[in-house]
1. Gaussian network model of the chain, Cα springs within a sub-10 Å range: biggest mean-square fluctuation belongs to which of Pro252, Pro67, Pro125?
2. In the chain, what percent of the accessible surface is made up of carbon and sulfur (1.4 Å probe, ligands and nucleic acids excluded)?
3. Taking θ = phi - 60°, what integer Hz values does the Karplus form 6.51 cos²θ - 1.76 cosθ + 1.60 yield along the range 254-267, in sequence order, with x for Gly and Pro?
4. With +1 assigned to the C-beta of every Lys and Arg and -1 to the C-beta of every Asp and Glu, and no other charges, what is the dipole magnitude of the chain about the Cα centre in debye, to the nearest 20?
5. Based on the mean of other Cβ atoms within 10 Å per residue, sort peptides 92-99, 253-260 so the most packed one is first.
6. Restricting to Cα pairs below 8 Å that are 6+ residues apart, what does the relative contact order work out to for the range 42-139? Please round to a whole percent.
7. With unit charges on the beta carbons (Lys and Arg positive, Asp and Glu negative) and the dipole taken about the Cα centre of the chain, which residue among Leu245, Leu28, Gln69 sits farthest to the positive side?
8. Among 56-62, 22-28, 206-212, how do they line up by average Cβ neighbours within 10 Å per residue, starting with the highest?
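The values are calculated or read from the model by the stated rules, or taken from the named source; none is laboratory data. As the structure is a computational prediction, the values presented were derived from the model and not from experiment. Counting neighbours? That spans all protein chains shown, and the Cβs are built from the backbone with ideal geometry, glycine included. For accessibility, only protein heavy atoms count, side chains too; no ligands or nucleic acids. Shrake-Rupley method; radii C 1.70, N 1.55, O 1.52, S 1.80 Å.
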Amino acid sequence: MSVYEGQHVYGMHGMHVVHDGPRDAPPLVLIHGSGASGSSWGPVVPALASRYHVIRIDLPGHGQSPPAQSYDVPEQAASLAAALDELGLRPVTVVGHSSGGYIATALAERRPDLVGSLALISSGPSPDALLPQPAFLRALMNPPLGPLLWKVRSDAMLRRGVTAVCNRPVDVPDALVAEVRGIGYRTFRTVLRQNTAYIAERNVPARLTALDVPVLVIFGAADPRWDPTSAHHYDTVPHARVEQLPGVGHFPMLEAPEATSELLLRFAATDR
């Protein structure tokens, strides 16, 4: 089959899907975190698409995907599984950033036949690993100011929302800024609540331990959202490798795209 020239975009099962790279290459699925979109992967896509069929997913209510009736993590994983079934892709390497790692984990729990390997980037292992958030984000995300600020968010505020959890200077992709603007305040709050419920019910290392799948965990050693030392909670997971990136915050793919791409390429090649 031919190489995709540019990006082919379409929606399936309530999610917007973007393809990069050769269609006949091994599939690599990228899942963004809460309040983001598939555009958050932009800086790492060229390197990944040179060897893989890269599939970027906008989760329901994010980016160019419409809202959903439920943002329960297993239900979002079920929608993702249906989309992958329609694409006829299996097994896939699934990469999740932040809470996207929970969707990836839930997909492997629900449909182990679809997932050949898992990579989690900046995915907090349990609720107690969450650090006090920057004052700007607390105001933006919580009542009483949150709903008011949400309505008047400027591009500068949206960029600040991303950079507030970065440790290095980053260029926030314009497409990400545009797509973040479309996320509703109530949707965002609901997504955060459902993500917390998922990892409170059972922490991520325990969930991964129950799965027979290779795992790569990437953490920024200066992540201001999740305690960076909590990355070592994943050391207990069989078939897991933990990598920490010095000086990097919560967005390794924006802050250190070359190092992040290299880790993902090496992992995907080894664990196919």
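1. Pro67
2. 53
3. 8, 7, 9, x, 5, 5, 5, 4, 4, 5, 5, 5, 5, 5
4. 620
5. Working: 92-99: 26.4, 253-260: 21.5.
Going by the mean number of other Cβ atoms within 10 Å, highest first, we get 92-99, 253-260.
6. On the way: 97 pairs, mean separation 20.5, N = 98.
Relative contact order here is 21 percent.
7. Farthest towards the positive pole: Gln69.
8. The densest-packed peptide leads the list: 56-62, 22-28, 206-212.
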